[in-house]
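Asker: Got a structure for you, written out below as structure tokens; questions coming shortly.
The values are calculated or read from the model by the stated rules, or taken from the named source; none is laboratory data. This one's a predicted model, so the numbers in the text were calculated from it and none came from an experiment. FYI the Cβ positions are ideal-geometry reconstructions off the backbone, even for glycines, and counts take in every protein chain you see. Just the protein is used for accessible areas: all its heavy atoms, side chains included, with ligands, DNA and RNA removed. Shrake-Rupley method; radii C 1.70, N 1.55, O 1.52, S 1.80 Å.
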Amino acid sequence: MRIIKFLLEKEFLQIFRNKGMLPIIFLMPVVQLVILSFAATYELREVNFHLADFDQSEASHALVQKFQASGYFTLQSSSFDVDDGIEKMRSNDVRLALVIPQDFEQRLKLGQPTSVQLNIDAVDGTTAGLIQGYGRSIIQDYNSSIRPVIENMELTNRKDIEVIPASWYNPNLDYIQYMVPGILVVLVSMIGMFLSGMNIVREREIGTIEQLNVSPIKRYQFITGKLLPFWIIALFELGIGLLIAYYGFGVPFVGSVWLLFGIAGIFLLVVQGIGLFISTVTQTQQQAMFIAWFFMVVFILMGGLFTPIESMPIWAQKLTILNPIAHFIEIMRSVMLKGAGWFEVQHLVGLLTVMAVIILPAAIFRYRKSTS
């Protein structure tokens, strides 16, 4: 432990003496959080929805078919319990819970006011607004299609179907609340991947890597000393970012702080493993930066930060299983805004753990080969 302690002291001294690294650590995250938080997307394709049809009539079936035939909505599940739909929204299985009341068809035939409820996952305020708009449009079209039938019944006091939207987790449809958690993921990812990769390459550039390799320092001590400082710094930056999000942007934090930081620790092992692997195949910090940036751009653009994953092509959606940033963005938003617990995110944590178990040892093994 003494050797690791001395290595950590050396690394922290090196970090704070490097004038080029300090802006990356402290300035870049603030710029990301303040500027990128105002980015927006307005694209929407198929949306999974849960159905609670208490009427089970021809009229309610026709309305559901109207939703499915629109090309915007896909029926993912159904039950006779509205709470089931809300729970599926909390687990990110659906974005909409459609509730049709028991007397839906009867009230239509009698020309009485009736309503359907759209319970919308409003974490992404812009997407929630689109879902609400598409839902209203479909219901209005349904009203138009049944109007001749009702008129033949000579009912002059017919009322249109009333839509009752309910925005969950983000009642004001504030897009900032959706963007900030994703920006925080990018923040810790860049620190973990860029700095861990560049730091080891820097030792090679200045010629000290050979001295470290022939010293009595064991390899696990060297790797720990190299990765642990940036692991600590990244978690510290995450804490600062959460404070800025809560007090600066008014983003609520509903879930467990300890759960989030525990998962962030696992996520950082993944991105630091990628950074370490990059450092073993590059000779200069510039090369390491370019390769790391290439992977970061791909991970970010396909991670659901700006564009919903559901709007991507099927092949791109399948590729996101290999994208650690996509998983952590979903975890961050679920824990912060929905109050998701271990049960809701355990499958994503499992994927991150598998990635860490594969990537980190592979990077260490590659480092041993490259320096033997």
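Asker: With every protein chain left in place, what is the accessible area per residue of segment 219-372 in square angstrom, probe 1.4 Å?
Answerer: On the way: 6910 Å² over 154 residues.
I get 45 Å² per residue for this part.
Asker: On to the next question. Go through segment 318-333 residue by residue and turn each phi into a ³J(HN,Hα) via Karplus (6.51, -1.76, 1.60, θ = phi - 60°); whole Hz please, and just put x for glycine and proline.
Answerer: 5, 5, 5, 5, 9, 9, x, 5, 4, 5, 6, 4, 5, 5, 4, 5
Asker: Now for a different question. Within the set K88/K318; K66/K88; K88/K109, which residue pairs have Cα atoms separated by over 27 Å? Don't jump to the answer; show the numbers that get you there.
Answerer: On the way: K88/K318 21 Å; K66/K88 22 Å; K88/K109 33 Å.
Result: K88/K109 exceed 27 Å.
Asker: At 7 Å along the Cα-to-beta-carbon direction for both F290 and Q140, put a label point, then send me their distance in nm to one decimal.
Answerer: A separation of 5.3 nm, rounded to one decimal place.
Asker: Right, next: According to the square roots a ≥ b ≥ c of the eigenvalues of the Cα gyration tensor, what is the shape class of segment 238-372, taking rounded for a/c under 1.5, prolate for a/b larger than b/c otherwise, and oblate for the remainder?
Answerer: Values: a/c = 1.77, a/b = 1.62, b/c = 1.09.
Verdict is prolate for segment 238-372.
Asker: Quick check: at a probe of 1.4 Å, how many percent of the accessible area of segment 221-372 sits on carbon and sulfur atoms?
Answerer: Details: 5000 of 6690 Å².
Solvent-exposed carbon and sulfur of segment 221-372 make up 75 percent of the total.
Asker: Taking H as built 1.01 Å from N, whose amide H comes closer than 5 Å to the amide H of A166, not counting residues under 5 places away?
Answerer: L118, N119, I120
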